[in-house]
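Here the structure is laid out as C-alpha coordinates; the discussion comes afterwards.
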Amino acid sequence: MSPPIELSRFAQLKATGDLPSPRGVALAIIRMTQDADVSMSELARVIKTDPAFVGRLVKAANGLAGGQRRAIVAVHEALMVLGLPAVRTMALGFSLLSNYRKGHCAGFDYGLFWSSSLLMALSMQTLMQRLRLAAADEAFSAGLLSRVGELAMATAYPVEYSRVLETLRRSPERRLLDLEHQALAMTHADLGAAMLADWGVPAVFYEPIRYFEQPDKAAFAEGSREFGMLQSLILARALTEICQAPEAEQSALMVMSLRWAQRLGLSREEFVDMCVRVAGQWVEWGKLLQFDTAAAPDFATLGQEPASADGTVGGGRHGGFRIEGHARRAG
(Lines give C-alpha, C1' and ligand atoms only; values in the text may rest on other atoms or scores of the structure.)
Protein backbone atom coordinates (compact mmCIF):
# COMPACT_ATOMS: atom_id res chain seq x y z
CA MET A 1 0.00 0.00 0.00
CA SER A 2 1.09 3.60 -0.52
CA PRO A 3 2.54 5.57 2.43
CA PRO A 4 -0.15 6.98 4.76
CA ILE A 5 0.94 10.53 4.00
CA GLU A 6 3.60 12.16 1.81
CA LEU A 7 6.69 11.36 3.86
CA SER A 8 8.54 14.66 3.42
CA ARG A 9 5.48 16.57 4.53
CA PHE A 10 5.07 14.38 7.60
CA ALA A 11 8.76 14.87 8.43
CA GLN A 12 8.35 18.64 8.16
CA LEU A 13 5.23 18.59 10.33
CA LYS A 14 6.93 16.39 12.91
CA ALA A 15 9.97 18.70 12.94
CA THR A 16 7.82 21.66 13.95
CA GLY A 17 7.06 19.97 17.27
CA ASP A 18 3.36 20.77 16.83
CA LEU A 19 2.17 17.16 16.71
CA PRO A 20 0.98 15.46 19.92
CA SER A 21 3.81 13.49 21.49
CA PRO A 22 4.51 11.61 24.75
CA ARG A 23 6.27 13.44 27.55
CA GLY A 24 8.08 12.87 30.82
CA VAL A 25 7.83 9.45 32.42
CA ALA A 26 5.88 8.07 29.47
CA LEU A 27 8.70 8.96 27.09
CA ALA A 28 11.20 7.21 29.40
CA ILE A 29 8.96 4.12 29.51
CA ILE A 30 8.65 4.04 25.73
CA ARG A 31 12.42 4.25 25.28
CA MET A 32 13.07 1.56 27.89
CA THR A 33 10.55 -0.88 26.43
CA GLN A 34 12.19 -0.64 23.02
CA ASP A 35 15.05 -2.62 24.56
CA ALA A 36 14.10 -6.31 24.70
CA ASP A 37 16.67 -6.80 27.49
CA VAL A 38 15.25 -4.12 29.74
CA SER A 39 15.15 -5.00 33.43
CA MET A 40 11.56 -5.43 34.62
CA SER A 41 12.58 -4.21 38.05
CA GLU A 42 14.07 -1.02 36.60
CA LEU A 43 11.02 -0.50 34.39
CA ALA A 44 8.72 -0.99 37.36
CA ARG A 45 10.76 1.55 39.33
CA VAL A 46 10.35 4.17 36.59
CA ILE A 47 6.64 3.46 36.23
CA LYS A 48 6.11 3.90 39.97
CA THR A 49 7.22 7.52 39.69
CA ASP A 50 3.92 8.21 37.88
CA PRO A 51 1.11 7.16 40.27
CA ALA A 52 -1.60 7.98 37.74
CA PHE A 53 -0.09 5.64 35.15
CA VAL A 54 0.35 2.94 37.80
CA GLY A 55 -3.39 2.99 38.47
CA ARG A 56 -4.26 2.82 34.79
CA LEU A 57 -1.76 0.05 34.09
CA VAL A 58 -3.03 -2.11 36.95
CA LYS A 59 -6.63 -1.55 35.92
CA ALA A 60 -5.83 -2.51 32.33
CA ALA A 61 -4.10 -5.69 33.50
CA ASN A 62 -7.09 -6.65 35.65
CA GLY A 63 -9.43 -5.97 32.73
CA LEU A 64 -7.38 -8.28 30.55
CA ALA A 65 -7.44 -11.01 33.19
CA GLY A 66 -11.23 -10.71 33.14
CA GLY A 67 -11.74 -11.87 36.70
CA GLN A 68 -10.23 -15.28 35.92
CA ARG A 69 -7.47 -14.86 38.49
CA ARG A 70 -6.86 -12.99 41.70
CA ALA A 71 -6.76 -9.21 41.43
CA ILE A 72 -3.49 -7.70 40.24
CA VAL A 73 -2.23 -5.00 42.58
CA ALA A 74 1.50 -4.73 41.88
CA VAL A 75 3.22 -3.03 38.96
CA HIS A 76 5.51 -6.01 38.40
CA GLU A 77 2.50 -8.34 38.07
CA ALA A 78 0.85 -5.97 35.63
CA LEU A 79 4.00 -5.94 33.51
CA MET A 80 4.02 -9.74 33.39
CA VAL A 81 0.39 -9.86 32.27
CA LEU A 82 0.58 -7.08 29.68
CA GLY A 83 4.04 -7.49 28.16
CA LEU A 84 6.38 -4.81 26.84
CA PRO A 85 4.59 -3.93 23.55
CA ALA A 86 1.33 -3.24 25.36
CA VAL A 87 3.01 -1.28 28.16
CA ARG A 88 4.81 0.85 25.57
CA THR A 89 1.66 1.77 23.65
CA MET A 90 -0.35 2.27 26.84
CA ALA A 91 2.29 4.69 28.10
CA LEU A 92 2.00 6.51 24.79
CA GLY A 93 -1.80 6.60 24.79
CA PHE A 94 -2.22 7.62 28.41
CA SER A 95 0.50 10.26 28.11
CA LEU A 96 -1.39 11.88 25.24
CA LEU A 97 -4.62 11.59 27.20
CA SER A 98 -3.08 13.35 30.20
CA ASN A 99 -1.37 16.12 28.27
CA TYR A 100 -3.97 16.87 25.59
CA ARG A 101 -7.23 17.03 27.54
CA LYS A 102 -7.66 20.59 26.30
CA GLY A 103 -6.20 22.75 23.59
CA HIS A 104 -6.56 25.76 21.34
CA CYS A 105 -8.95 24.35 18.73
CA ALA A 106 -12.23 26.05 19.63
CA GLY A 107 -14.40 23.68 17.62
CA PHE A 108 -12.87 20.46 18.95
CA ASP A 109 -14.52 18.72 21.90
CA TYR A 110 -11.51 17.26 23.71
CA GLY A 111 -13.59 15.57 26.40
CA LEU A 112 -15.83 13.87 23.84
CA PHE A 113 -12.80 12.82 21.81
CA TRP A 114 -11.14 11.03 24.72
CA SER A 115 -14.38 9.53 26.00
CA SER A 116 -14.99 8.10 22.51
CA SER A 117 -11.40 6.91 22.29
CA LEU A 118 -11.79 5.10 25.60
CA LEU A 119 -14.89 3.34 24.27
CA MET A 120 -12.94 2.33 21.17
CA ALA A 121 -10.15 0.94 23.38
CA LEU A 122 -12.50 -1.14 25.51
CA SER A 123 -14.44 -2.35 22.47
CA MET A 124 -11.30 -3.46 20.66
CA GLN A 125 -9.96 -5.20 23.76
CA THR A 126 -13.20 -7.10 24.24
CA LEU A 127 -13.44 -8.02 20.55
CA MET A 128 -9.89 -9.36 20.48
CA GLN A 129 -10.54 -11.46 23.58
CA ARG A 130 -13.28 -13.11 21.52
CA LEU A 131 -11.79 -13.12 18.01
CA ARG A 132 -8.08 -13.61 18.86
CA LEU A 133 -6.87 -11.65 15.83
CA ALA A 134 -4.34 -9.76 17.96
CA ALA A 135 -3.30 -9.41 21.59
CA ALA A 136 -6.19 -7.86 23.50
CA ASP A 137 -3.91 -5.55 25.48
CA GLU A 138 -2.32 -4.14 22.33
CA ALA A 139 -5.77 -3.81 20.77
CA PHE A 140 -6.81 -1.67 23.76
CA SER A 141 -4.01 0.78 23.00
CA ALA A 142 -4.72 0.72 19.27
CA GLY A 143 -8.35 1.56 19.97
CA LEU A 144 -7.34 4.38 22.28
CA LEU A 145 -5.16 5.85 19.52
CA SER A 146 -7.40 4.97 16.57
CA ARG A 147 -8.48 8.57 15.98
CA VAL A 148 -5.30 10.31 17.14
CA GLY A 149 -5.11 11.99 13.74
CA GLU A 150 -8.07 14.18 14.72
CA LEU A 151 -6.23 15.29 17.85
CA ALA A 152 -3.16 15.97 15.73
CA MET A 153 -5.16 18.13 13.32
CA ALA A 154 -6.68 20.09 16.20
CA THR A 155 -3.23 20.54 17.78
CA ALA A 156 -1.21 21.44 14.68
CA TYR A 157 -3.89 23.48 12.88
CA PRO A 158 -6.26 24.77 15.60
CA VAL A 159 -7.77 27.64 13.61
CA GLU A 160 -8.09 25.83 10.30
CA TYR A 161 -9.42 22.66 11.89
CA SER A 162 -11.99 24.57 13.90
CA ARG A 163 -13.29 25.96 10.59
CA VAL A 164 -13.46 22.43 9.17
CA LEU A 165 -15.49 21.23 12.14
CA GLU A 166 -17.78 24.25 11.94
CA THR A 167 -18.44 23.46 8.28
CA LEU A 168 -19.26 19.88 9.27
CA ARG A 169 -21.63 21.10 11.99
CA ARG A 170 -23.47 23.29 9.50
CA SER A 171 -23.47 20.64 6.76
CA PRO A 172 -23.68 17.25 8.52
CA GLU A 173 -24.24 15.46 5.22
CA ARG A 174 -20.59 16.19 4.33
CA ARG A 175 -17.76 13.80 5.21
CA LEU A 176 -15.10 14.93 7.66
CA LEU A 177 -12.35 13.25 5.64
CA ASP A 178 -13.37 15.16 2.51
CA LEU A 179 -13.48 18.49 4.34
CA GLU A 180 -10.05 17.88 5.86
CA HIS A 181 -8.49 17.06 2.51
CA GLN A 182 -10.06 20.12 0.93
CA ALA A 183 -8.81 22.46 3.67
CA LEU A 184 -5.46 20.91 4.60
CA ALA A 185 -4.56 18.55 1.73
CA MET A 186 -4.48 15.58 4.12
CA THR A 187 -6.87 13.67 6.36
CA HIS A 188 -6.79 12.69 9.99
CA ALA A 189 -6.86 9.03 8.86
CA ASP A 190 -3.61 9.41 6.90
CA LEU A 191 -1.93 11.61 9.49
CA GLY A 192 -2.90 9.31 12.35
CA ALA A 193 -1.60 6.23 10.54
CA ALA A 194 1.70 8.00 9.84
CA MET A 195 2.05 8.93 13.52
CA LEU A 196 1.30 5.40 14.69
CA ALA A 197 3.83 3.97 12.24
CA ASP A 198 6.42 6.51 13.45
CA TRP A 199 5.76 5.46 17.06
CA GLY A 200 6.40 1.82 16.23
CA VAL A 201 2.81 0.58 16.33
CA PRO A 202 2.59 -2.61 14.21
CA ALA A 203 1.20 -2.32 10.69
CA VAL A 204 -1.53 -4.83 11.51
CA PHE A 205 -3.03 -2.01 13.60
CA TYR A 206 -2.12 1.23 11.86
CA GLU A 207 -3.08 0.15 8.34
CA PRO A 208 -6.65 -0.85 9.33
CA ILE A 209 -6.86 2.33 11.43
CA ARG A 210 -6.05 4.28 8.29
CA TYR A 211 -9.00 2.74 6.45
CA PHE A 212 -11.76 1.90 8.93
CA GLU A 213 -13.61 5.15 8.21
CA GLN A 214 -13.28 4.58 4.47
CA PRO A 215 -13.32 0.78 4.11
CA ASP A 216 -14.13 0.99 0.40
CA LYS A 217 -10.53 2.18 -0.15
CA ALA A 218 -8.92 -0.71 1.72
CA ALA A 219 -7.34 -3.53 -0.26
CA PHE A 220 -6.91 -6.15 2.46
CA ALA A 221 -7.38 -9.76 1.42
CA GLU A 222 -10.55 -11.22 2.88
CA GLY A 223 -9.61 -13.54 5.72
CA SER A 224 -6.34 -11.71 6.49
CA ARG A 225 -5.60 -10.33 9.95
CA GLU A 226 -5.74 -6.80 8.58
CA PHE A 227 -9.18 -7.46 7.10
CA GLY A 228 -10.38 -8.80 10.44
CA MET A 229 -8.93 -5.81 12.27
CA LEU A 230 -10.65 -3.45 9.83
CA GLN A 231 -14.00 -5.13 10.47
CA SER A 232 -13.35 -5.06 14.22
CA LEU A 233 -12.57 -1.34 14.20
CA ILE A 234 -15.77 -0.64 12.29
CA LEU A 235 -17.77 -2.63 14.84
CA ALA A 236 -15.96 -0.95 17.74
CA ARG A 237 -16.83 2.43 16.25
CA ALA A 238 -20.44 1.29 15.91
CA LEU A 239 -20.60 0.31 19.58
CA THR A 240 -19.08 3.67 20.48
CA GLU A 241 -21.77 5.47 18.50
CA ILE A 242 -24.56 3.52 20.21
CA CYS A 243 -23.28 4.47 23.66
CA GLN A 244 -22.97 8.16 22.81
CA ALA A 245 -25.89 8.68 20.41
CA PRO A 246 -29.19 10.29 21.43
CA GLU A 247 -31.69 7.70 22.63
CA ALA A 248 -33.86 8.15 19.52
CA GLU A 249 -30.99 7.00 17.27
CA GLN A 250 -29.70 4.07 19.29
CA SER A 251 -32.05 1.38 18.00
CA ALA A 252 -31.34 2.17 14.34
CA LEU A 253 -27.61 2.14 15.00
CA MET A 254 -27.98 -1.24 16.70
CA VAL A 255 -29.56 -2.70 13.54
CA MET A 256 -26.45 -1.94 11.48
CA SER A 257 -24.13 -2.92 14.33
CA LEU A 258 -25.68 -6.37 14.44
CA ARG A 259 -24.95 -6.77 10.73
CA TRP A 260 -21.28 -5.97 11.28
CA ALA A 261 -21.22 -8.30 14.30
CA GLN A 262 -22.62 -11.11 12.18
CA ARG A 263 -19.81 -10.64 9.65
CA LEU A 264 -17.38 -11.31 12.48
CA GLY A 265 -19.25 -14.42 13.57
CA LEU A 266 -20.91 -12.86 16.62
CA SER A 267 -24.49 -13.75 17.43
CA ARG A 268 -26.92 -11.14 18.66
CA GLU A 269 -26.60 -12.49 22.19
CA GLU A 270 -22.81 -12.37 22.07
CA PHE A 271 -22.80 -8.81 20.76
CA VAL A 272 -25.34 -7.64 23.35
CA ASP A 273 -23.23 -9.21 26.10
CA MET A 274 -20.20 -7.43 24.67
CA CYS A 275 -22.04 -4.09 24.65
CA VAL A 276 -23.10 -4.49 28.27
CA ARG A 277 -19.56 -5.38 29.33
CA VAL A 278 -17.93 -2.50 27.44
CA ALA A 279 -20.47 0.05 28.67
CA GLY A 280 -19.87 -1.02 32.27
CA GLN A 281 -16.11 -0.78 31.87
CA TRP A 282 -16.51 2.63 30.21
CA VAL A 283 -18.25 3.98 33.30
CA GLU A 284 -15.53 2.56 35.57
CA TRP A 285 -12.72 4.00 33.45
CA GLY A 286 -14.59 7.28 33.18
CA LYS A 287 -14.49 7.64 36.94
CA LEU A 288 -10.77 6.84 37.03
CA LEU A 289 -9.94 9.28 34.24
CA GLN A 290 -12.55 11.88 35.24
CA PHE A 291 -14.48 11.77 31.96
CA ASP A 292 -18.19 12.15 31.43
CA THR A 293 -19.94 8.92 30.47
CA ALA A 294 -23.57 8.25 29.67
CA ALA A 295 -25.98 5.75 31.17
CA ALA A 296 -25.89 2.52 29.18
CA PRO A 297 -28.95 1.84 27.02
CA ASP A 298 -30.91 -1.39 27.36
CA PHE A 299 -28.95 -3.17 24.64
CA ALA A 300 -31.15 -6.26 24.73
CA THR A 301 -34.17 -4.31 23.46
CA LEU A 302 -32.33 -2.25 20.84
CA GLY A 303 -32.28 -3.12 17.17
CA GLN A 304 -35.86 -4.28 16.80
CA GLU A 305 -36.68 -1.56 14.27
CA PRO A 306 -36.03 -2.12 10.54
CA ALA A 307 -33.29 -0.20 8.77
CA SER A 308 -34.10 2.35 6.07
CA ALA A 309 -35.01 1.33 2.54
CA ASP A 310 -31.42 1.64 1.30
CA GLY A 311 -30.21 -0.70 4.03
CA THR A 312 -28.33 1.92 6.01
CA VAL A 313 -28.92 3.77 9.23
CA GLY A 314 -27.40 6.91 10.68
CA GLY A 315 -25.67 9.46 8.46
CA GLY A 316 -24.51 7.01 5.80
CA ARG A 317 -21.03 8.51 5.55
CA HIS A 318 -19.14 5.50 6.88
CA GLY A 319 -20.61 2.03 6.59
CA GLY A 320 -23.97 3.44 7.66
CA PHE A 321 -22.60 5.17 10.77
CA ARG A 322 -22.15 8.82 11.61
CA ILE A 323 -18.52 9.84 11.60
CA GLU A 324 -18.82 13.48 12.53
CA GLY A 325 -15.54 14.36 14.13
CA HIS A 326 -15.45 15.81 17.58
CA ALA A 327 -17.00 19.18 16.90
CA ARG A 328 -17.94 21.03 20.04
CA ARG A 329 -21.58 20.53 20.89
CA ALA A 330 -23.78 23.56 20.72
CA GLY A 331 -24.66 25.05 24.07
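The values are calculated or read from the model by the stated rules, or taken from the named source; none is laboratory data. As the structure is a computational prediction, the values presented were derived from the model and not from experiment. Using ideal geometry, Cβ is built from the backbone for each residue, glycine included, and neighbour counts are taken over all protein chains shown. Ligands, DNA and RNA are stripped out before the accessible areas are found, and what is left, the full protein with its side chains, is counted by its heavy atoms. Shrake-Rupley method; radii C 1.70, N 1.55, O 1.52, S 1.80 Å.
The Cα-based radius of gyration and maximum Cα-Cα distance (Dmax) for region 1-120 are 16.5, 50 Å. Approximating the spin labels as points 7 Å out from Cα along Cα→Cβ, the L288-to-K102 distance works out to 2.4 nm. Simple spin-label estimate for S267 and E173 gives 4.2 nm between the two label positions (7 Å along the Cα-to-Cβ direction from each Cα).
The stretch between M80 and A218, if pulled fully straight at 0.36 nm per residue, gains 46.1 nm over its current Cα-Cα span. Loop sites here are GluC sites (Glu not before Pro) outside DSSP states H, G, I, E and B with no more than 12 other Cβ atoms within 10 Å. The longest part of the chain free of them is 1-172.
Set against the labelled values (1) 19.0, 60; (2) 21.0, 62; (3) 43.0, 124, Rg and Dmax of the Cα atoms in Å computed from this structure falls on (1).
Rolling a 1.4 Å probe over the heavy atoms of the protein chains gives the chain an accessible area of 43 Å² per residue. So what's the gap between the Cα centers of region 128-162 and region 210-283, to the nearest angstrom? Their Cα centres are 15 Å away from one another. In order along region 36-49, the Karplus-derived 3J(HN,Hα) couplings, from 6.51 cos²θ - 1.76 cosθ + 1.60 at θ = phi - 60°, round to 4, 9, 4, 6, 4, 5, 5, 5, 4, 4, 5, 4, 5, 6 Hz, and Gly and Pro are given as x. Once C-alpha pairs closer than 8 Å and six or more residues apart are averaged by separation and normalised to the residue number of the chain, the relative contact order reads 18 percent. For region 185-296, evaluate the Debye formula with one uniform point scatterer on each Cα (no solvent term) and list log10 I(q)/I(0) at q = 0.17, 0.19 Å⁻¹, rounded to two decimals. Taken in order of the listed q values, log10 I(q)/I(0) reads -0.97, -1.12. Across all C-alpha atoms in region 235-277, the radius of gyration and Dmax reach 9.6, 28 Å. Using a 1.4 Å probe on the protein chains only, how many percent of the accessible area of the chain belongs to carbon and sulfur? Its accessible area is 51 percent carbon and sulfur atoms. The magnitude of the dipole of the chain, with charges of +1 and -1 set on the Cβ of Lys/Arg and Asp/Glu and taken from the Cα centre, is near 560 debye.
In a simple Cβ point-charge model (Lys, Arg +1; Asp, Glu -1; nothing else charged), region 1-150 has a dipole of about 300 debye relative to its Cα centre. At q = 0.14, 0.26 Å⁻¹, what is the base-10 log of I(q)/I(0) for region 157-196 according to the Debye formula with one equal point scatterer per Cα and no solvent? Please give it to two decimals. Each listed q corresponds, in turn, to -0.29, -0.86.
Distance between the 7 Å Cα→Cβ label points at R70 and A296: 2.8 nm. With contacts taken as Cα pairs under 8 Å at a separation of at least 6 residues, region 1-139 carries a relative contact order of 23 percent. Close amide-amide hydrogen proximity is noted between F108 and R328, each under 5 Å apart and 5 or more residues distant or on a separate chain (H modeled in the peptide plane; Pro and chain starts excluded).
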